[in-house]
1. Just name the residue that is nearest to Thr157 (Cα to Cα) out of those in the range 344-370 that are open to solvent by 10 Å² or more (accessible area, probe 1.4 Å) and touching a Ser or Thr at 6+ places or on another chain (Cβ under 6 Å).
2. For the list (1) under 28 Å from Gly361 (Cβ atoms); (2) touching a residue at least 40 places away in the same chain (Cβ under 8 Å); (3) under 22 Å from the mean Cα position of the chain (by Cα); (4) surrounded by fewer than 21 Cβ atoms within 10 Å (Cβ to Cβ), I need the number of the one condition that Cys280 fails.
3. Considering only the range 148-183, state which residues are farther than 30 Å from Arg372 by Cβ and among the polar types (S, T, N, Q).
4. Of the conditions (1) open to solvent by 70 Å² or more (accessible area, probe 1.4 Å); (2) at positive phi, Arg144 satisfies every one except a single condition; which number is it?
5. Say whether the condition of being more than 20 Å from the chain's Cα centre (by Cα), open to solvent by 30 Å² or more (accessible area, probe 1.4 Å) and either of a type outside the set (Gly, Ala, Ser) or under 30 Å from Asp151 (Cα atoms) (or both) is met by at least one residue in the range 301-315.
6. Exactly one condition in (1) over 21 Å from Thr22 (Cα atoms); (2) crowded, with 22+ Cβ neighbours inside 10 Å; (3) charged (D, E, K, R) is not met by Asp179; state its number.
7. Could you tell me whether any residue of the range 223-235 is surrounded by 14 or more Cβ atoms within 10 Å (Cβ to Cβ), out of contact with any Phe, Trp or Tyr (no Cβ under 9 Å at 6 or more places or on another chain) and closer than 25 Å to Ala47 by Cβ?
8. Condition first: open to solvent by less than 10 Å² (accessible area, probe 1.4 Å) and in a helix (DSSP H, G or I). Now tell me which residues in the range 147-163 satisfy that.
Amino acid sequence: MPARRILFLEASTGGVVGGSLTGILPLIAHLDRSRFAPALALFEAKAIATNGMPVHVLPPLPVRAGAAQSGPLGRLVLRARNLHALTGPRARTLAGLFRRERPALVYLANGFRANLDGVVAAALCRVPVVCHVKGFEPVGPLERLTSRWIDACICMTDEIAAHCRARQLHARRLLTIHDGVDCEEFRPGGGDAIRREFGIPPGAPLAGIVGHLQEWKGQHLVLEAVARARRRFPELRCLIVGGVHRRGVEYAARLRERIAQPDLAGHVLLAGARQDVAACLDAMDVVIHASVVPEPFGRVLIEAMALARPVIAPREGGPLVVIVDGETGLLVPPRDAGALADALVALLADPARRAAMGRAGRARVEADFDIRHHVRAMETLFDEVLAARAGQGTT
């Protein structure tokens, strides 16, 4: 049997390479090419390595309408405008792509709401569709209706799956598959070069955060935590890794203003978007995750743990699944810069504890979050969806 084409659709347009894309690239890289032939469709060009995989960058498409007046009626009007002006044209464009490429299955990487156009296009073309839900999305009547056209809904955690069930989404299957990382790519080593590049003195403690600059990612909380922790560790540096999201331009400017204040000046480094995220994480003594809304999963956590780095994260959302509190890292009250600072000071003061957490984190990733487990589950699901559609005579 020839390899079956899987067309991955990634719809982000923030000007950065975000989690919806970094989550599927390792899956694509590790798919069994004798069984599956991946291709990728993007709504904007991205700086990624494709390794010969076909990539389709869609032409500029209509953008979402502006904010509506408050209240149910205003939201209804805005949704109707977007359906007419945005979802319809995008669905027609995607349907044209699906008809040209003739995929055996379409994989939607951005959830129900952001990929509604892909759901409609797949239904029009009678192509099996898998939707990866990566957050606690709002659900309305339209999502409930169109979810019936989805062959399988993949949720990043059981909490997200419960969210989908509670809101009566009706995909034919709904299951949890955790993300994974390639443990061979995320091995300790490479951090020394990053420290030299940024002029971090030997022996100076380094904390850091990885994520595009946008307010909900919580870099401002990390800055406040580092400012407080410097009272105990004056040589402490902070490395902030991530590009500026289109919606984060003003936020990034506020971060720069805070960094220039006397209690942080010269001690915070803005690395920007990087291709060598693993090396950046390896340079850190402690990795901090500080999202101000529940993080659906927190991929950077398993990347840091694979590099044997202790992690600090809010006690909600995905970190509850990833981190074993007190063993692979520390969970703290959400949105609390003081709690982040206390946890950071505790770990910086105890190198032996950091090392033990690092070893435990690496072991946990190898056991539960290695890319091989993720790929095996995804390939099994693809086979089952395709077999079910073939049995219905609709492929």
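1. Looking at the filtered set, the residue picked out is Arg364.
2. That leaves (4) as the condition not met.
3. Answer for the range 148-183, where residues must be farther than 30 Å from Arg372 by Cβ and among the polar types (S, T, N, Q): just Gln168.
4. So Arg144 meets the others, but not (2).
5. So far as the range 301-315 goes, no, none of its residues is more than 20 Å from the chain's Cα centre (by Cα), open to solvent by 30 Å² or more (accessible area, probe 1.4 Å) and either of a type outside the set (Gly, Ala, Ser) or under 30 Å from Asp151 (Cα atoms) (or both).
6. So the condition that Asp179 fails would be (1).
7. no
8. Listed by number, the residues that qualify are Ser147, Ile160, Ala161.
The values are calculated or read from the model by the stated rules, or taken from the named source; none is laboratory data. Because the structure is predicted, anything quoted here is derived from the model rather than measured. Heads up, the Cβs are rebuilt from the backbone with ideal geometry, glycines too, and the neighbour counts pull from every protein chain shown. In case anyone asks, the SASA skips ligands and DNA or RNA and just uses the protein heavy atoms, side chains included. Shrake-Rupley method; radii C 1.70, N 1.55, O 1.52, S 1.80 Å.
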